[in-house]
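Chemist: Have a look at this one.
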2 protein chains.
Amino acid sequence: MSQNTAAAVEFARGNQQRFVDELKALLRIPSISTLPEHAGDVRRAAEFIASELRRIGLENVSLVETATGGHPLVYGDWLHKENAPTVLCYGHYDVQPAEPLDEWTTPPFEPAERNGNLYARGAVDDKGQMWMHVKALEALFEANQGTLPVNIRVLIEGEEEVGGEGIAWFVREHGGRLRSDLALISDTEMFAPDLPTLCVGLRGMIYTEIEVRGAAIDLHSGMYGGAAPNPFVALAHIITKLKDEDGRILIPGFYDKVESPSAEELKAWKALPFDEEHYRRTEVGSPELTGEAGYSVLERTWARPTLDVHGMPGGFIGAGAKTVIPAKAVAKISMRLVPKQVPAEVFEQYKSFVASIAPRGVDVSVRLIHSAEPIVVSTDNQFVKAAVEAMHEVFATDTVFVRGGGSIPIVGDFIRELSLPTLMMGFGLPDDNLHAPNEKFHLANFHRGIESLIRFLSAAGA
Amino acid sequence: MSQNTAAAVEFARGNQQRFVDELKALLRIPSISTLPEHAGDVRRAAEFIASELRRIGLENVSLVETATGGHPLVYGDWLHKENAPTVLCYGHYDVQPAEPLDEWTTPPFEPAERNGNLYARGAVDDKGQMWMHVKALEALFEANQGTLPVNIRVLIEGEEEVGGEGIAWFVREHGGRLRSDLALISDTEMFAPDLPTLCVGLRGMIYTEIEVRGAAIDLHSGMYGGAAPNPFVALAHIITKLKDEDGRILIPGFYDKVESPSAEELKAWKALPFDEEHYRRTEVGSPELTGEAGYSVLERTWARPTLDVHGMPGGFIGAGAKTVIPAKAVAKISMRLVPKQVPAEVFEQYKSFVASIAPRGVDVSVRLIHSAEPIVVSTDNQFVKAAVEAMHEVFATDTVFVRGGGSIPIVGDFIRELSLPTLMMGFGLPDDNLHAPNEKFHLANFHRGIESLIRFLSAAGA
């Protein structure tokens, strides 16, 4: 370890509490990108970050408005290190909605420390992990007399949780301004506590709504029950025709392009410390796990496509009884896609199939809300080697290579538009409650993440 | 027509605007019985009515608290007419929730007159129709020097829309205090505009919730999709096993006790002015009508049981996308029952069947919210004859006998506990939007209803 790297690590260790306090201030801003009433908060979070990027020494810091009219990107760079690679640090400052609020032990936007964890919406996804990048850069600037060991671009978006339309537009239209050698992303998790992990594959997705309209207005089920179509019953029939009770998706052609993981990858997965019964009990908590027969949980969640229903707005959802036959009902349905499936093609298969199974008496329409491509990234480059070494120094153990079940849409854009290898080096834990009540970030991992990033960026520039 | 009856009719005609203004004041009180936050409003509506009953001349007026702890009953009587029957006037002052609010042309609790109609939640169901009784009694008191042509008990409940537990308790435990010769109810509709109608049968119901629990907490569908059970998908499979696409209910034994209408009744229904295509277009507005094959719309809505889903709370129902696998989801499901089906028996059949079809991976529980017995009432008595004559005087046409698809739970209690014949003499119209946005009462029917009631009560005492 060079003297500067050691100094940066020391600086980070000496400022741990301040780093956490700053993160708490950011977490207090409810930057929920999907809710229009929080648009002002989303922008406030962007400004908070831009201000910090300027303070630590990045240049050209600005909020970038996109042609798609959504939330701004935060950009900053430092590009004065000759003969060194350029690393594009990506993160996102928007968060998921916090509902159901009554299941949070402490309020989602009032960060609270308990048992070594920091609880708040966005703690780990992704404000906390994005903040590790910022703090690693701050430490490196401090230890290198206002310079960095590598060239850096920082690009942080505010629409990751709603499909990332703005950043996709920016990468597509202005990709030349992002010329780099590597995209570095901390928005994934470690396979197990203390086990450094690189994520080398992500599922894609399409998120859709099926809207079913029956009667022209809401009707009384006493007067009209037996004559008026019921949109929820129609949706139930549609859903059961989309996915059978064994978890198999019934859309014709859906599995045609699915590519299986290599035998080598499957073998490595089998060697991971993973117990399905322990996972069921401690992470899922359901009476049984479900999904396609013949595949392990890791295969089902990393390498098999799925279909889920997220909510069914419409009708009466208050306490007690209302005997309404609603005029319309909606099912929010997403599918996770795996390598070689093409989101646009799957959406067309799905849309045609839904049209073909629409029950009589109702009008059915299908909308695409957003989509993301499935991806796999190469592990055969110098950056992966440097990352593995950096994390070995911090965790004193070898890195495992896993895939993620979720989507980070921008990774596909980086690969397709910028031919950029991507390093997904995340420090979340499997029980961090992403997108759920009581989201948290294990603070030890926040600090170890910063150290790992300091060491990795130093090595990448050496 | 006696001189006093003529004077009462004249009084009512001279006070039409005042009667409507009073009704508007009552409609401004959002007495939504199912929503705990409106409990104060429900009581305010009860006090409003009690105050008016006292003013017009009824005695022993009081709010009756029930042992079931719900909303109070309003009671009043006048029992000084010897050798005359006693009529128990029943109505309800509670209303359904007003959602979806954005579909109302004018706000639900700001009564508005348009095109001869009065628009407000409760306009016809049942505040407006209950108010006809009060105003007919006021006119009769006025025209009879502070007396009435019959003995009257008034009993108005505040829990009709939530199952009527309180009044059921009162009738069961204190039925002796309600000794009468007839129950008079105006909570039904006319078969067509200008066509006086008596309702002689009602469907019963059970209103239930099925709750499905999968994971212990809400999970991210990216990370857990393919392993964690989805409660909405489970509910979809349950619902499709409860009711097939042809509208047939699949619960074993469900149809066993269903009694068909008599050949005579079916013949009378065929003679009613009813066009299924016109009904589809003007009342339902769906692309097609649905329901069991082989039965007419009137049979399906009056004499066949049904199953409807009213709402599916759980998960994410906001705008946009949230990729949650919810820990639980609920389906609000009711069944309409027809004569000889027994609500408690059907609930047990249903509950056992749901348990037997529960998908793997989830816990399923079934709750009964409330129930009502199906009923048919006799048409062979003096009161029916008097009602037909009274309405002939007002509408100049013969009364038709119909059934209602909805439930008025108290009718079953009156029959079973008090052996009381019931006259269901309602003045709503089929397009009055009961339980839906833009509920209305045709004001001409409000006034003709009052006249019909004046004439009927005069005749009943003669």
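Throughout, read-outs are computed from the coordinates displayed, never taken from laboratory work. Everything numeric in this text was worked out from a predicted model, so none of it was measured. Here the Cβ positions follow ideal geometry from the backbone for every residue, glycine too, while neighbour counts run over all protein chains shown.
Chemist: Say R0 is 60 Å: what FRET efficiency, to the nearest 0.05, do residue B:368 and residue A:83 get from their beta-carbon distance?
Modeler: The pair residue B:368/residue A:83 has a calculated efficiency of 0.20.
Chemist: Follow-up question, since we're still on this one. Among A:267-280, A:52-65, B:407-420, how do they line up from the highest to the lowest mean number of other beta-carbon atoms within 10 Å?
Modeler: Most protected by this proxy first, the peptides run B:407-420, A:52-65, A:267-280.
Chemist: What's the average, rounded to a whole number, of partner chain beta-carbon atoms within 10 Å of each residue's beta-carbon in B:205-213?
Modeler: Mean shielding count: 2.
Chemist: If you add up the charges near residue B:320, with Lys and Arg at +1 and Asp and Glu at -1, over every other residue whose beta carbon is less than 11 angstrom from its beta carbon, what do you get?
Modeler: Cβ neighbours under 11 Å give a net charge of -1.
Chemist: If you fit an axis through the alpha-carbon atoms of helix A:127-143 and take the longest principal axis of the Cα set of chain A, what angle between them do you get, 0 to 90°, nearest 10?
Modeler: 10 degrees
Chemist: From the alpha carbon gyration tensor of the protein assembly as shown, can you work out the equivalent ellipsoid semi-axes (sqrt of 5 times each eigenvalue) and give them in Å, largest to smallest?
Modeler: Result for the protein assembly as shown: semi-axes of 66, 28, 22 Å.
Chemist: Taking every residue in B:140-146, how many Cβ atoms of other protein chains lie within 10 Å of its Cβ, on average?
Modeler: So the per-residue partner count for this stretch is 0.
Chemist: Arrange the peptides A:234-240, A:139-145 so that the one whose residues have, on average, the most other Cβ atoms within 10 Å appears first.
Modeler: Listed from highest to lowest mean packing, they are A:234-240, A:139-145.
Chemist: Still on this structure, please answer the following. Charges at C-beta only: +1 for Lys and Arg, -1 for Asp and Glu. How large is the resulting dipole of the protein assembly as shown about its Cα centre, in Debye rounded to 20?
Modeler: Charge dipole of the protein assembly as shown: 280 debye, to the nearest 20.
Chemist: Evaluate the distance, in nm, between pseudo-label points positioned 7 Å from the Cα of residue B:2 and of residue B:21 along their respective Cα→Cβ axes.
Modeler: 3.1 nm
Chemist: To test your reading of the geometry: what angle, between 0 and 90 degrees and rounded to tens, separates the Cα axis of helix A:16-27 from the longest principal axis of chain A?
Modeler: That helix lies at roughly 30 degrees to the long axis.
Chemist: Also, I was wondering about something else. Compute the label-point distances linking residue A:245 to its equivalents in the other copies; points lie 7 Å from Cα along Cα→Cβ; give nm, one decimal, shortest first.
Modeler: Counterpart label points of residue A:245 in the remaining copies fall at 1.8 nm.
Chemist: Turning to a different aspect of this structure: If N is the number of residues in the range A:323-447, what value comes out of its Cα radius of gyration divided by 2.2 N^0.38 Å?
Modeler: So the Cα radius of gyration is 1.50 times the expected 2.2 N^0.38 Å.
Chemist: How well do other chains shield peptide A:254-262, expressed as the mean number of their Cβ atoms within 10 Å of each residue Cβ?
Modeler: Taking all residues of A:254-262 together, the mean is 0.
Chemist: Which net charge results when you count Lys and Arg as +1 and Asp and Glu as -1 among the other residues whose beta-carbon is under 9 Å from that of residue A:222?
Modeler: Charge balance near residue A:222 sits at +2.
Chemist: Kindly express, to the nearest 10 degrees and within the range 0 to 90, the angle between helix B:409-418's C-alpha long axis and the longest C-alpha principal axis of chain B.
Modeler: Compared with the principal axis, the helix lies near 60 degrees.
Chemist: If you don't mind, another one. Gain in length, residue A:340 to residue A:179, computed as 0.36 nm per residue apart minus the alpha-carbon separation, to one decimal in nm?
Modeler: 55.3 nm
Chemist: Suppose we keep just the DSSP beta bridges with both residues in chain A; what percent of those would be antiparallel, to 5?
Modeler: 70 percent
Chemist: Still on this structure, I have one more. For the charge dipole of the protein assembly as shown, defined by +1 on Lys and Arg C-beta atoms and -1 on Asp and Glu C-beta atoms about the Cα centroid, which residue among A:310, B:124, A:35 has the Cα displaced farthest towards the positive pole?
Modeler: My answer, from the dipole projection, is A:310.
Chemist: May I pose another question? For a label point 7 Å from the Cα of residue A:110 along Cα→C-beta, name the residues of the range A:429-462 whose backbone N is under 19 Å from it.
Modeler: The answer is A:437-441.
Chemist: Using Cα pairs closer than 8 Å and at least 6 residues apart in sequence, work out the relative contact order for chain A, in percent.
Modeler: Working: 949 pairs, mean separation 119.1, N = 462.
For chain A, the relative contact order is 26 percent.
Chemist: Right, something else. Given +1 on the Cβ of Lys and Arg, -1 on the Cβ of Asp and Glu, and no further charges, what dipole in debye does the range B:278-382 carry about its Cα centre, rounded to the nearest 20?
Modeler: Numbers: 12 positive and 10 negative charges, 94 e Å.
Computed about the Cα centre, the dipole is about 460 debye.
Chemist: What are the residues whose amide H is under 5 Å from the amide H of residue A:243, where those residues sit 5 or more places off or on another chain and H is modelled from the backbone?
Modeler: A:250
Chemist: Now for a separate question. Under a point spin-label approximation (7 Å from Cα along Cα-to-Cβ), what is the residue B:278-residue B:172 distance to one decimal in nm?
Modeler: Reported label-point gap for residue B:278 and residue B:172 is 4.4 nm.
Chemist: In debye, nearest 20, what is the charge dipole magnitude of chain B about its Cα centre with +1 on Lys and Arg Cβ and -1 on Asp and Glu Cβ, if you could check?
Modeler: Dipole size: approximately 520 debye.
Chemist: Given chain B, report the % of alpha carbon pairs whose separation exceeds 36 Å.
Modeler: Across chain B, Cα pairs with separations above 36 Å total 31 percent.
Chemist: Let me ask something else. Can you list, shortest first in nanometers, how far residue B:348 lies from the same residue in the other copies, with each label 7 Å from Cα toward Cβ?
Modeler: Those label-point separations list as 5.7 nm.
Chemist: For the pair residue B:319 and residue B:381, what calculated FRET efficiency results from E = 1/(1 + (r/R0)^6), where r is the Cβ-Cβ distance and R0 = 51 Å, to the nearest 0.05?
Modeler: My answer for the efficiency is 0.35.
Chemist: In addition: List B:90, B:119 from most exposed to least, where exposure is judged by having the fewest other Cβ atoms within 10 Å.
Modeler: Result, fewest neighbours first: B:119, B:90.
Chemist: Using θ = phi - 60° and the Karplus form 6.51 cos²θ - 1.76 cosθ + 1.60, what ³J(HN,Hα) does each residue of the range B:190-205 get, whole Hz, x for Gly and Pro?
Modeler: In residue order, the calculated couplings are 7, 5, 7, x, 6, 10, x, 9, 10, 9, 10, x, 9, 6, x, 6 Hz.
Chemist: In what sequence do B:210, A:450 fall when counting other Cβ within 10 Å, fewest first?
Modeler: Neighbour counts put them in this order, fewest first: B:210, A:450.
Chemist: State, to one decimal in nm and shortest first, how far the label point of residue B:368 sits from each corresponding label point in the other identical copies (label point: 7 angstrom along Cα-to-Cβ).
Modeler: 5.0
Chemist: Among A:137, A:383, A:163, whose Cα sits farthest toward the positive end of the charge dipole of chain A (+1 at Cβ of Lys/Arg, -1 at Cβ of Asp/Glu, about the Cα centre)?
Modeler: Positive-most Cα among the choices belongs to A:163.
Chemist: What ³J(HN,Hα) values, in whole Hz, does the Karplus curve 6.51 cos²θ - 1.76 cosθ + 1.60 give for the range A:243-260 when θ = phi - 60°, with x put for Gly and Pro?
Modeler: Coupling constants for the range A:243-260: 8, 7, 6, 9, x, 8, 7, 9, 5, x, x, 4, 8, 3, 9, 4, 9, 6 Hz.
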